[in-house]
Amino acid sequence: MILVSACLLGRKCRYDGNNHQDQSLKELLRGQKIHPICPELAGGLPIPRPPAEIKGGDGDDVLTGQARVVNRDNEDVTVYFIEGSRKTLQGIDPEQIEMAILKARSPSCGVGEIYSGAFNGQLKAGSGVTAAYFKRKGIAVYTEEELDKIKQILRDK
């Protein structure tokens with residue numbers, strides 16, 4: 001089973017009520033067992049919602065209580081992001097998960113780089129809360145921007 005950010009599959013679950021449908025990814029995953037996830041919705045956040053970014057670190061720091069997820073209205077939404085990361089795996093046998101393909105740069109799903117926390121469009125190194133949580137669970141995480149790598153992994157299995 002491959003966990004995939006639902007917004008990449010065309011579900012309108014982004015903070016602004018839109019999606020980030022990625023047709024190339026959908027074609028690549030045709031015939032694979034996929035499980036769409038949206039950690040922010042799973043955690044209880046509505047659509048639409050103010051955009052959020054991680055302040056004071058990255059997703060690993062959020063999970064250890066050293067950083068917070070704050071929305072543009074300066075509301076602390078950390079609990080929703082942590083709860084959402086946990087709920088995405090409820091009822092799923094981790095042994096059945098081949099990988100997760102997550103939305104690049106998202107405060108939940110970003111892998112390797114996320115927005116800075118200053119709502120200025122700048123990036124910083126680090127992963128989102130769910131990506132960090134998945135890594136801690138031993139789940140390989142990728143973004144939709146790593147299609148060549150994902151294609152190779154699927155070919156080699």
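Only the coordinates and a few stated rules stand behind these numbers; no lab work does. Every value quoted in this text rests on a predicted model; they were computed, and no experiment measured them. So basically every Cβ, Gly included, is an ideal-geometry build from the backbone, and we count neighbours across all protein chains shown.
Could you list, in sequence order, all residues of the stretch 7-49 that are within 14 Å of the chain's Cα centre (by Cα), within 12 Å of A100 (Cβ to Cβ) and aliphatic (A, V, I, L, M)? Within the stretch 7-49, L8, I37 meet the criteria. Residues that are without any contact (Cβ under 8 Å) to a residue 60 or more places away in the chain and either in contact with a helix residue (DSSP H, G or I) (Cβ under 6 Å, 6 or more places away or on another chain) or crowded, with 22+ Cβ neighbours inside 10 Å (or both) within the stretch 39-71 comprise A42, G43, G44, L45, A52, A67, R68, listed in sequence order. Kindly provide the set of residues from the stretch 56-91 that are among the aliphatic types (A, V, I, L, M) and touching a strand residue (DSSP E or B) at 6+ places or on another chain (Cβ under 7 Å), ordered by number. V62, A67, V69, V70, V77, listed by residue number.
Note on the stretch 1-24: among residues that are outside any loop (DSSP other than H, G, I, E, B) and in contact with a strand residue (DSSP E or B) (Cβ under 6 Å, 6 or more places away or on another chain), the one that is surrounded by the fewest Cβ atoms within 10 Å (Cβ to Cβ) is I2. Only one of the listed residues (K135, K103, K124) is crowded, with 24+ Cβ neighbours inside 10 Å, among the charged types (D, E, K, R) and in contact with a strand residue (DSSP E or B) (Cβ under 8 Å, 6 or more places away or on another chain). That residue is K103. Restricting attention to the stretch 1-60, the residues that are β-branched (V, I, T) and within 21 Å of E113 (Cβ to Cβ) total 3.
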